[in-house]
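The values are calculated or read from the model by the stated rules, or taken from the named source; none is laboratory data. Owing to the predicted nature of the structure, the values given are computational and were not obtained by experimental measurement. Neighbour counts run over all protein chains shown; Cβ positions are idealised from the backbone, glycine included.
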Amino acid sequence: MCKIGIDIGGTSVKGILVEGNNIIKTASSPTNAKSGRKGIETAMFSVIEQLMCEGVSLIGVSSAGNINPYTGVCVYATDNLPEWTDYPIKTSVEAKFKIPCVADNDAICALKAEIANYNDCQNAVMITFGTGIGGAVLSGGKIIRGKNFDGGRLGHMILVPDGKKCNCGKTGCAEAYLSCTALNYEGKKLIPSLSGVKGLFRLYESGNQNAVMVLKRFSFYLNIFLDNVRTAYAPEVIILGGGLSKDKEILLSLIDNKSDITFAKFGNNAGALGSLIKLY
Ligand SMILES: [Zn+2]
């Protein structure tokens with residue numbers, strides 16, 4: 001029995017065909033976000049069509065934005081996915097393909113995929129460091145959803161009162177200090193030739209004083225952020241994912257309390273895999 005998992009992000013739609021526990025085929029397409037709802041839907045349908053085969057029993061969709069997992073509607077999405085707010089993911093996919101569909105938020109999907117690795121883990125936090133900071137929380141075996149399906153968006157906890165402006169409209173959010181975007185911005189101020197966070201990490205390794213300064217500041221904020229997360233949720237594990245987490249050694253060296261820190265195992269496929277796990 002096969003299942004299709006889809007992950008909709010701001011730049012690409014990725015998909016996997018799963019048989020049992022094995023990924024047997026992958027596909028992807030640019031999101032076409034600039035074309036709004038129609039463009040994103042076309043990309044999603046195209047990836048599903050590329051993976052479709054006899055006997056697919058379920059289509060899971062992991063999407064950025066606040067998703068109602070019971071109705072499969074995107075309740076709210078930022079401008080990363082224009083016109084995606086109010087889009088009925090589940091009913092649209094079911095109408096087109098005549099196969100049952102489930103949909104959920106991408107950070108929550110990643111959390112669901114990752115915690116399947118841990119024996120009987122009831123309390124966990126997933127943090128993804130990418131263009132933004134994604135967050136999802138499992139507490140007492142249940143996903144924290146919040147009243148508008150916007151609970152657990154940890155990237156928008158305020159870290160610095162009256163601090164830097166965030167994409168969400170607030171100031172001083174963790175995302176404005178800890179995302180790859182923020183780190184790259186700070187790095188470029190001191191090292192104008194810098195190309196991305198990877199480059200910053202390499203300079204840090206070689207002892208470049210400017211890179212050390214930028215990452216010391218990052219470390220200061222990261223440790224406050226992680227401490228706030230522990231205070232709020234007392235998780236058994238904090239799982240770090242996203243682009244930044246690929247440099248595990250360096251990221252870990254910047255964290256004071258490493259006792260509960262682990263790294264995501266599924267990388268790019270976590271969202272698509274987790275979309276197929278029904279956990280409310
Ligand atoms: Zn924010």
### Near pairs, Cβ below 6 angstrom, 6+ apart or cross-chain, from region 86-99 (surrounded by 15 or more Cβ atoms within 10 Å (Cβ to Cβ)) to any residue that is in a helix (DSSP H, G or I)
Tyr87/Arg37
### Task
Give the residue, chosen from Gly65, Gly5, Gly10, Gly72, that is modelled with pLDDT of 95 or more and under 29 Å from Cys166 (Cβ atoms).
Gly72
### Query
Is it the case that region 206-225 has a residue that's touching a strand residue (DSSP E or B) at 6+ places or on another chain (Cβ under 7 Å) and assigned by TED's automatic domain parsing to the domain that holds Ala136?
no
### Message
List the helices (runs of 4 or more DSSP H) inside region 194-275, counting only whole elements, that have at least 2 residues being under 24 Å from Gln122 (Cα atoms).
### Response
209-233, 270-274
### Members of region 140-180 that are assigned to a helix (DSSP H, G or I) and away from the ligand (no atom under 14 Å from the Cβ)
Cys180
### Message
Just to be sure I understand the filter: pairs with C-beta atoms under 8 Å, separated by 6 or more residues or on different chains, first member in region 145-156 and free of Cβ contacts under 8 Å to residues at least 60 places away in the same chain, second member basic (Lys, Arg). Which pairs pass?
### Response
Gly151/Arg145; Gly152/Arg145; His156/Lys170
### Query
Of the residues in region 116-139, how many are without any contact (Cβ under 8 Å) to a residue 40 or more places away in the chain and not in a strand (DSSP E or B)?
2
#### Entry: Whichever residue in region 139-190 is over 28 Å from Asn210 (Cβ atoms) and among the small types (Gly, Ala, Ser) and, among such residues, is modelled with the lowest pLDDT
Gly169
### Message
Out of Ala174, Ala232, Ala182, I need the residue that is in the same structural domain as Gly132 (by TED's automatic domain parsing) and in contact with a His (Cβ under 8 Å, 6 or more places away or on another chain). Which one?
### Response
Ala174
